[in-house]
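In what follows, a structure is listed as structure tokens, so that the remarks can point back to it.
FYI, it's all coordinate maths here, none of it is from the lab. Everything numeric here is computed off the predicted structure, so don't read it as measured data. Positions of Cβ are backbone-derived with ideal geometry, glycine not excepted, and every protein chain shown enters the neighbour counts.
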Amino acid sequence: MLLIECPYCGPRAEIEFSYGGEAHIDRPGPEVSEEEWASFLYLRENTKGVLAERWRHAHGCGRFFNALRDTRTDEFKAFYEMGEKRPDAEKKEGEGA
Amino acid sequence: MVEITEGCVLSRLPASTRLILQGRQPALQAACGALGVETVPEMLCTAEGAGGHALRVGPFELALQPTGDGLAPLEAALASVPHSLVEVSNRNVSYTLQGWQAADILAALCPLDFSLAAFPVGMATRSILDKAGALIWRTADQTFHIEVWRSFAPYVEGQLHEVAKSISYNILTVQH
Ligand SMILES: [Zn+2]
């Protein structure tokens with residue numbers, strides 16, 4: 001079982017949470033093409049490595065938040081609130097990943 | 001009131017008023033004021049005022065248990081502040097679980113650490129009891145106030161009884 005750190009409640013067991021998929025996906029406006037809309041709905045990075053993803057503390061404070069998790073090892077790198085920038089954003093650009 | 005095992009009594013509590021308030025700090029502050037609670041409790045903490053209890057179960061959320069005057073003072077205090085106040089009195093069923101085995105019994109159904117250091121008196125949080133969501137509030141060293149949704153109550157009660165039956169054979173205990 002994963003130990004997940006809710007930014008509001010602290011570390012809690014995985015079974016208190018529900019998974020929300022990849023984070024930082026902007027919902028486009030209604031004016032976009034069908035291709036762009038399909039990409040918003042269905043296309044994901046499927047990252048091998050550090051992925052920014054959403055979690056919801058469903059059996060707890062009820063809040064959504066984001067986490068960085070290495071999909072190869074399940075190791076969490078960071079937990080951060082909705083609306084905050086991805087904590088490793090600059091490093092990620094530097095790596096050219 | 002049922003002694004579910006030696007050193008643990010489960011009591012189903014009578015009907016009471018419960019509300020969930022969602023809002024930002026000014027709303028939480030106004031509601032606390034109406035209950036006679038001076039400052040909004042920190043996350044997972046509780047506070048008692050002349051008008052009832054406030055449980056901080058979320059960053060923008062209080063579970064309120066007013067006594068006496070009911071809803072009117074709360075509604076008056078919140079009238080000018082953006083908020084959502086929902087009465088959940090009928091949704092929930094409350095219990096107290098009391099006795100020296102209470103923490104061990106909860107620990108068998110819930111992944112939280114119920115040692116006094118990790119879950120001190122006055123702490124309240126939502127979590128799960130086996131498969132059902134529950135609000136767990138430690139009101140004394142060996143006393144927990146538990147709330148579950150009404151339709152889950154027979155299940156949770158049953159699970160508490162099951163654990164209590166076997167816990168006398170369990171060599172693991174929560175460190176106090
Ligand atoms: Zn939480």
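A few points about this structure:
- Any hit, region B:149-166, residues being within 14 Å of another protein chain (Cβ to nearest Cβ) and outside any helix (DSSP H, G or I): yes
- For region B:115-148, the set of residues classified as surrounded by 18 or more Cβ atoms within 10 Å (Cβ to Cβ) and outside any strand (DSSP E or B) consists of B:Phe119, B:Gln142, listed by residue number.
- Given (1) under 13 Å from the mean Cα position of the chain (by Cα); (2) of a type in the set (A, V, I, L, M); (3) over 19 Å from B:Ala63 (Cα atoms); (4) not in a strand (DSSP E or B), number of the condition B:Leu97 does not satisfy: (4)
- Considering region A:1-44, the residues that are in a loop (DSSP other than H, G, I, E, B) and aliphatic (A, V, I, L, M) include one that is nearest to the ligand (Cβ to nearest atom), namely A:Leu2.
- Residue satisfying all of: in region A:14-42; away from every other protein chain (no Cβ under 14 Å), surrounded by 10 or more Cβ atoms within 10 Å (Cβ to Cβ) and more than 16 Å from the chain's Cα centre (by Cα); farthest from A:Phe76 (Cα to Cα) among these: A:Val32
- A:Asp74 vs. criteria more than 12 Å from the chain's Cα centre (by Cα) and touching a residue at least 60 places away in the same chain (Cβ under 8 Å): yes
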